[in-house]
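Take a look at the structure set out below.
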């Protein structure tokens, strides 16, 4: 059965994710699980610890995500939500924003206490 709240759930997750990313990347590990996977610019990382390590090691001090679009679809097989985000990044106060796309597959946490990110793919858009 499709959760009728899928659009709201996806957009709330994205808002929380980017707010956390922009303010304290060290807290992002809590949004992943041991079976989560991140593909970041063609590199793959599995598990919350490896993903958090990658995200906290990115070579900038400050980042600001500016969301342009957020599209959500329900995944009835696991009551999850597929989310595609496009936007721009302002890195270390730079004058030239970077365009990006990121997709999330979020699924209910064990015990249905919230959602976590099972799959995450990030790509800068050049050209």
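A single entry from 86, 70, 96 fulfils the requirement of being assigned to a strand (DSSP E or B) and out of contact with any helix residue (DSSP H, G or I) (no Cβ under 7 Å at 6 or more places or on another chain): 86.
Take residue 85 and decide whether it is surrounded by 16 or more Cβ atoms within 10 Å (Cβ to Cβ), touching a residue at least 60 places away in the same chain (Cβ under 8 Å), within 19 Å of residue 66 (Cβ to Cβ) and within 15 Å of the chain's Cα centre (by Cα). Working first, answer last.
Details: surrounded by 16 or more Cβ atoms within 10 Å (Cβ to Cβ): yes; touching a residue at least 60 places away in the same chain (Cβ under 8 Å): yes; within 19 Å of residue 66 (Cβ to Cβ): yes; within 15 Å of the chain's Cα centre (by Cα): yes.
Yes, satisfied.
If you check 6, 21 for being crowded, with 17+ Cβ neighbours inside 10 Å, in contact (Cβ under 8 Å) with a residue 24 or more places away in the chain and under 11 Å from the mean Cα position of the chain (by Cα), only one passes: 21.
In the set (1) in contact with a strand residue (DSSP E or B) (Cβ under 9 Å, 6 or more places away or on another chain); (2) more than 26 Å from residue 3 (Cα to Cα); (3) without any contact (Cβ under 8 Å) to a residue 40 or more places away in the chain, the condition left unmet by residue 95 is number (1).
Identify the residue in region 89-124 that is more than 14 Å from the chain's Cα centre (by Cα), closer than 21 Å to residue 58 by Cα and surrounded by 11 or more Cβ atoms within 10 Å (Cβ to Cβ) and, among all such residues, is modelled with the lowest pLDDT. Steps first, please.
First, the residues of region 89-124 that are more than 14 Å from the chain's Cα centre (by Cα): 90-99, 108-114.
Those left that are additionally closer than 21 Å to residue 58 by Cα: 90-99.
From the residues that got through so far, the ones that are surrounded by 11 or more Cβ atoms within 10 Å (Cβ to Cβ) too are 90-91, 94, 97-99.
Numbers: 90: 94, 91: 92, 94: 86, 97: 93, 98: 94, 99: 97.
Step by step, filter region 89-124, then rank; the result is 94.
Of the residues making up region 43-62, none is at pLDDT below 95, buried (at least 16 other Cβ atoms within 10 Å of the Cβ) and not in a helix (DSSP H, G or I).
Out of all the residues in region 1-10, which are under 23 Å from residue 110 (Cβ atoms) and part of a helix (DSSP H, G or I)? Write out each step before concluding.
Initial filter on region 1-10 (under 23 Å from residue 110 (Cβ atoms)): 1-6, 8-10.
Within region 1-10, 6, 8, 9, 10 qualify.
Within region 15-22, can one find any residue that is in contact with a strand residue (DSSP E or B) (Cβ under 6 Å, 6 or more places away or on another chain) and either modelled with pLDDT of 95 or more or in a helix (DSSP H, G or I) (or both)? Yes: region 15-22 contains one or more residues that are in contact with a strand residue (DSSP E or B) (Cβ under 6 Å, 6 or more places away or on another chain) and either modelled with pLDDT of 95 or more or in a helix (DSSP H, G or I) (or both).
The values are calculated or read from the model by the stated rules, or taken from the named source; none is laboratory data. Only a predicted model underlies this, so the values are computations on that prediction, with no experimental measurement involved. Quick reminder, even Gly has a Cβ in these numbers, built from the backbone with ideal geometry, and neighbours come from all protein chains shown.
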